[in-house]
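Here the structure is laid out as structure tokens; the discussion comes afterwards.
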Amino acid sequence: MMPSFSLAALTVLELAPPAQIDVAAACGYDHVGIRLLPAMPGGIAYPLMDDEASLKETLARLDATGVTVADLEVVAFRPETEIASFAAFFETGARLGARNILIAAYDPDLARFTDRFAGFCDAAAPYALTADLEFMPWTYVPDLTTANRIVAQVGQPNAGVLVDALHFDRSRTSISEITRIPVHRLHYWQLCDGPAERPATTNEMMHAARCERMFPGEGGIDIVSLAHAMPADITVSIEVPTAELAKTVGATDRAQRALNAARNVIAAASTRPGKGGS
């Protein structure tokens, strides 16, 4: 059983959404993830909620190709974040037919973040959008234990935990911890690879995550075991930014290589005993 595959925005971040959709369709992806908001101030993003012409072009490409939108990025909660500011974001997500929203915690006050995350889930629910908290070692939700605790405390049906293969490894999360995540909290997950040797500093870790990942199966992370532990019927978002390779290899070729590699990993995981759905 093969899951559906999504072309994550970060894999081809140089492409605006219409071009990203065309690449996804050409390669055989089912979905795309669209970056409407930057991961950090000044980062690359395509704010379709502020550009009606680009939004209509994106909708036209979705209609023409049959590709759908899996997730929206990146809602990075900071101390000054206000839930009311996301009204246009939610409306645009609904127009795009998106299903999931990636959440990152950059607020050191986790009590405040948890309260706002709960409010965000409430606000997203009428638009049929989930809010998926990604644990990343350099954020204030650095590991799965913290993410699970917050999502459980929030208790909203559309609140989820987002597992990224690189962060799974860099946070030293175990496969047994992954298998204990309640399946109703897993809406999609992100697949990539990386060197077995972990970066020595936080800055190196951030650079590798944002710019230089490896194609699935070409690194040293045990992603086959991770894929085996994940539900078989949720979308796999393939997130493989390769900044150096992108200087000489086009987006379509990189996206195709990523998809082929991901399919091989999922196929290997599916042959292990005990693989099941959610």
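The values are calculated or read from the model by the stated rules, or taken from the named source; none is laboratory data. Quick caveat: nothing in here was measured; it's all calculated off a predicted structure. Every residue, glycine as well, gets a Cβ built from its backbone with ideal geometry; the counts of neighbours run over all protein chains shown. Calculation scope for accessible area: heavy atoms of the full protein, side chains included, ligands and nucleic acids excluded. Shrake-Rupley method; radii C 1.70, N 1.55, O 1.52, S 1.80 Å.
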For the stretch 136-143, 3J(HN,Hα) per residue [Karplus equation, 6.51 cos²θ - 1.76 cosθ + 1.60, θ = phi - 60°, Hz, x = Gly/Pro]: 9, x, 9, 9, 7, 10, x, 8
Karplus 3J(HN,Hα) series, Hz, for the stretch 165-173 with 6.51 cos²θ - 1.76 cosθ + 1.60 (x for Gly, Pro): 4, 5, 5, 3, 6, 5, 8, 6, 6
For the chain: Kirkwood Rh in Å [reciprocal of mean 1/r, alpha carbons]: 18.6
Local electrostatic count, residue 261, Cβ distance below 12 Å [Lys/Arg +1, Asp/Glu -1]: +2
For the stretch 96-230, share of DSSP beta bridges that run antiparallel, in % to the nearest 5: 10
Rounded, prolate or oblate (a/c below 1.5 giving rounded, otherwise prolate when a/b exceeds b/c) for the stretch 208-254 by Cα gyration tensor: prolate
Nearest-10 value in Å² for the accessible area of residue 257, using the 1.4 Å probe: 100
Accessible area, probe 1.4 Å, largest first, for residues 75, 183: 183, 75
Percent carbon-and-sulfur accessible area, the chain, ignoring ligands, DNA and RNA, probe 1.4 Å: 53
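Residues with beta-carbon under 9 Å from that of residue 140, excluding residue 140: net charge, scoring Lys, Arg +1 and Asp, Glu -1?
On the way: positive: none; negative: 107, 109.
Around residue 140, the surrounding residues sum to -2.
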Under 5 Å, built H, 5+ apart or other chain: amide partners of residue 214: 193, 194
For residue 69, distant residues with modelled amide H under 5 Å away: 32
GluC sites (Glu not before Pro) restricted to the stretch 1-96 and DSSP loop, no more than 12 other C-beta within 10 Å: 14, 80, 82
Residue 31 accessible area, assembled protein chains, probe 1.4 Å, Å²: 20
DSSP beta bridge pairing in the chain, given as percent antiparallel to the nearest 5: 5
Residues with amide H under 5 Å from that of residue 190, placed H, sequence gap 5 or more: 163, 164, 165, 237
Under Karplus coefficients 6.51, -1.76 and 1.60, residue-wise ³J(HN,Hα) of the stretch 257-268 in Hz, glycine/proline x: 4, 5, 5, 4, 5, 5, 4, 5, 5, 5, 5, 5
Residue 14 versus residue 196: modelled label distance in nm, points set 7 Å from Cα along the beta carbon direction: 3.2
Debye equation applied to the C-alpha atoms of the stretch 177-276, log10 I(q)/I(0) at 0.23 Å⁻¹: -1.26
Cα-projected label distance for residue 125 with residue 91, points at 7 Å along beta-carbon direction, nm: 2.2
Sparsely packed GluC sites (Glu not before Pro) within the stretch 164-207, loop by DSSP, other Cβ within 10 Å at most 14: 197
Net charge over other residues, Cβ less than 14 angstrom from the Cβ of residue 102 (K, R count +1; D, E count -1): -3
